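For reference, the structure discussed in these notes is given below.
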Amino acid sequence: MNAEPLWEEVAMAKNVTVTTFPIWRNAGPSTVDKPTIKKETRSKENLDLPWQVVVHNDPVNLMTYVTMVFQRVFGYPREKAERHMLEVHHEGRSVLWSGMRERAELYVQQLHGYLLLATLEKAS
Amino acid sequence: MEICRRNDEIEISELDPFLAELLRQIPASANPEGTPAAEKRLFSPPTSGTETEICAEWKLYVEPELRRLFQTATETVAADLEQLNGNEKKIASTLRIPSKHADAWLSALNQAMVFFKNLSCANWVVGRRVPGIRPASVPAPLT
């Protein structure tokens, strides 16, 4: 097995002047303490599960109005907004968005502002 | 009645006096005060009830904001409706709604719809609720 040549030997072979700093070369073991690793336990559920914005069926609001609100709040194109509106109408609920809790809360607040029945819930 | 759009305004002309009177009742109808069911629907909880912490925060921070939003909308509509006041003998028959007030109108009309939908029992005389009439779910006090 061939040992790798020392870098000084390589430098000599290439005729390069090398300045060495003995203090660095002879430096002893590091005196920096090992970092202490703290273990923090969080349930997988808290870390992974996104929050969902759910809109529930409501006999008060007109279908066209609900479609318009979905377009305005989520910026969805008309077709997608209509699809969700029909899902709310036929299935009783539709998941409009999922992601971070803060954003989900903001969406629910906006939907309540438009008088839609909306809740946020953890994805299951 | 004729509805047309003119220079950033929606103009409703030749309004029937009865319809004009109905429109004038929108701001009062949108007020859920004294009707717990309507109040509950207007300020519904943000979760299905399991997340109590979120519900408490919502009540504290979001609900007052929603209340202000609804109130601003009804105030805007009430201001627009002042055009219908006319004089004592005759109600004006033309209403001009600035396009930028459209959202406020949508909100106020929706609030009124929510209110009526959640009204289980109330008596109305010329668009005003008669005090003392309570929803059927609330029993009358024993005398």
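Of note:
- Backbone phi angles across segment A:53-65, fed through the Karplus curve with coefficients 6.51, -1.76 and 1.60 (θ = phi - 60°), yield HN-Hα couplings of 9, 10, 10, 9, 5, 7, x, 7, 7, 6, 4, 5, 5 Hz in residue order; Gly and Pro are listed as x.
- Average partner coverage of A:105-116, which counts Cβ from other chains inside 10 Å: 5
- By average C-beta atoms within 10 angstrom, highest first, the peptides A:63-69, B:47-53: A:63-69, B:47-53
- For segment B:2-129, the share of alpha carbon pairs falling in successive 10 Å distance bins from zero is 12, 36, 30, 16, 6, 1 percent.
- Taking the number of Cβ atoms within 10 Å of each Cβ as an exposure proxy, the fewest-first ranking of B:R41, B:R6 is B:R6, B:R41.
Each value in this text was obtained by applying a stated rule to the coordinates, not by laboratory testing. Note that the structure is a prediction, hence the values are computed from the model and not measured. Note that we place each Cβ from the backbone using ideal geometry, even for glycine, and neighbour counts take in every protein chain shown.
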